[in-house]
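All of the numbers you see were taken from the coordinates with simple rules; none came from a lab. Predicted, not measured: the structure shown is a model, and the values here were computed from it. Backbone-built Cβ (ideal geometry, glycine too); neighbour counts: all protein chains shown.
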Amino acid sequence: MKIYVIVEDRYAVEVVKLIARELATTSKIVVRSIPICSNKMSKIARAALKEFDKVVILVDSEGRNPREVERRIEEKHLAEGAGKSVVIVVDPCLEAWPCRILELSNCSVAPCSLGPAKSLNEYWRKKHRRDYAKRDLPAAVKEALSTVHRSTKALEKLPESLRKLIDELRS
């Protein structure tokens, strides 16, 4: 299966590749960073739907209603891709994944800077003796995943949006 994944920022590209490598198996995965609000997104999504078996768009909710974010993206960018596309909304942001896996506090608080990113920064300072920066996201996810046993029961405890991504990459 060939899967095309669109993410919002360049650090999320490495996160998705890491998850695909560690927790999912696919024959081919392409991950690209494209601003979700850009007009370019619709063209790229339509082109990917013709070439790939599935298109996955991974976005942050940043305090907005996740179902509303999903609906708007589907309507704007994936109207032609019903059945071959999926939108995964991380609430409130990707930093929530390592935050929740590491069982830190305020992982659901929006905006991200006051919730998961702040908690991750406190953890990062204690563990790595420096502030967390967005570029550390792949390392934070890798570190968090290293604490998870690969049993089915343990994987069920992962954040819902992460489990959904894993399921999509495995299908």
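Data table
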read-out	value
Burial ranking of peptide ranges 112-119, 27-34 (average Cβ count within 10 Å, highest at the top)	112-119, 27-34
Segment Arg64-Ser171, length gained on full extension (0.36 nm per residue, minus Cα span)	35.7 nm
Theoretical gain in end-to-end length, Ile44 to Leu114 [0.36 nm per residue, Cα-Cα removed]	21.9 nm
Modelled FRET efficiency - R0 22 Å, Arg10 with Glu122, Cβ distances, 0.05 increments	0.35
Ordering of 61-74, 44-57 by packing [mean C-beta count within 10 Å, highest first]	44-57, 61-74
Residue pairs, from the table Lys84/Lys157; Lys17/Lys126; Lys28/Lys118; Lys28/Lys84, whose Cα atoms sit over 23 Å apart	Lys84/Lys157; Lys17/Lys126; Lys28/Lys118
Once the Cα gyration tensor of the chain is diagonalised, semi-axes √(5λ) in Å	27, 18, 14
Calculated FRET efficiency for the pair Ser105/Asp131, C-beta based, R₀ 22 Å, to 0.05	0.80
